[in-house]
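Worksheet: one structure, shown below.
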Amino acid sequence: MPELPEAEVVAQQLRERLLGATLSDYWVGRMDIIREGAQTLPWYKGAVLQHIERYGKSVALGFAKEQDHRYIVVELGMTGLLLFRTVQTKHPQHVHVRLSFAGAREPELHYCNPRRFGRLSLLDEKGLEQYVTRRFGCDPLRVSPDEFMRILRGRRGRLKPLLMHQQVIAGIGNIYANEILFRARLHPWRVVSRIRKATQVKLYDTIQTVLREAIADGGSSVRDFFAPDGSEGQYKRHHLAYGKEGQPCPNLCGRVIQRVQSERSSFFCPLCQSQRSSR
Ligand SMILES: [Zn+2]
């Protein structure tokens, strides 16, 4: 947390309120929050925020100044937040970066991260390209069904770790992986190479539905995630499996949702998502 839908909501709000604005000033509370490119910080003063893109769970702010283009890539990590100035944070001491804007609906954007599992990178165009290729596989919302099927082909591993493997499919974390698998009725540890084509198509469609519905609902606010305007995502109310251990399966099959701890907790219905399924 945050995952793709939350990062997308962040990007949408920044687009609505900051695009076209000029960065008038900045403040960095601790320099180690900048992973790379700290020496280029002065360049950004006077640059215009021209576009905002989401890559996996990160958000890139694209600036232009004269003929140059540079980016600030914000990793939201486990606990990172981008907040407008008016939003009160529980942890004001963890606001590490403040960006001031002229000509925008919001005068300031704050980067706040209590656990510092996230960073900012200041990159030029080539740097951004390398950053994206190195870290992110296909985007689940932009990948075509054929491309997705090609990615699954020949994978000997298990399904849930693959869905969460950022260098293969970027943006899905533990919450949405559990929700997608429950809805697609697929066991988390199904062997990917043994999943039939029709089921692969269903998995693809379910990924689209779950992620798009979550974005429309403002994401899921789990563990203190807030959008830049301070709002909480409502998709948590639609979670069917994540965090539901011990509760009756929503498909009313008579079983309860199990929680199995491996690397990350998996929540699933042992009947609806049977591992022995021949699908
Ligand atoms: Zn069930």
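Numbers for the structure displayed
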quantity: Shape of the range 4-135, Cα gyration tensor, a/c cut at 1.5; calculated: rounded
quantity: Furthest towards positive pole of dipole, LEU122, LEU18, VAL28, structure part the range 4-135, Cβ charges; calculated: VAL28
quantity: Size of charge dipole - the chain - debye, nearest 20, with Cβ of Lys, Arg +1 and Asp, Glu -1, no other charges; calculated: 1560
quantity: Counting DSSP beta bridges with both ends in the chain, the antiparallel % (nearest 5); calculated: 95
quantity: For the range 4-135, size of Cβ-based charge dipole, Lys and Arg +1, Asp and Glu -1, in debye; calculated: 400
quantity: Label-point gap, in nm, between ASP25 and ARG264 - each point 7 angstrom along Cα→Cβ; calculated: 4.0
quantity: About the Cα centre, charge dipole magnitude for the range 145-268 (Lys/Arg +1, Asp/Glu -1 at Cβ), debye; calculated: 860
quantity: Mean Cβ neighbour count within 10 Å, used as a protection proxy, ranking 169-182, 139-152, 59-72 highest first; calculated: 169-182, 59-72, 139-152
quantity: Cross-link pairs LYS45/LYS236; LYS90/LYS160; LYS160/LYS202; LYS126/LYS197; LYS126/LYS236 - those with Cα-Cα distance over 27 Å; calculated: LYS45/LYS236; LYS90/LYS160; LYS126/LYS197; LYS126/LYS236
quantity: Length-normalised contact order of the range 63-149 in % [C-alpha pairs under 8 Å, at least 6 apart]; calculated: 35
quantity: Computed helical MRE - 222 nm, the chain, DSSP H runs ≥ 4 contributing -39500 (n - 2.57), nearest 500; calculated: -7500 deg cm²/dmol
quantity: Residue (of ALA214, SER231, MET164) at the positive-pole extreme of the range 145-268, dipole from beta-carbon charges; calculated: MET164
quantity: Calculated FRET efficiency for the pair ARG276/ARG156, C-beta based, R₀ 22 Å, to 0.05; calculated: 0.75
quantity: Cα shape, the range 145-268, gyration tensor, a/c 1.5 rule; calculated: oblate
quantity: Cα lying deepest toward the dipole's positive end in the range 4-135, options HIS51, LEU81, HIS94, charges on Cβ; calculated: HIS94
quantity: ARG85-ASP146 FRET efficiency (beta carbon distance; Förster radius 51 Å; 0.05 resolution); calculated: 0.70
quantity: For the range 26-49 and the range 131-170, distance of Cα centres in Å; calculated: 32
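None of the figures in this text is laboratory data; all of them are computed from the coordinates on show. Given the structure is predicted, the values throughout are model-derived calculations rather than measurements. No Cβ is skipped: glycine too gets one built from the backbone with ideal geometry, and neighbour counts run over all protein chains shown.
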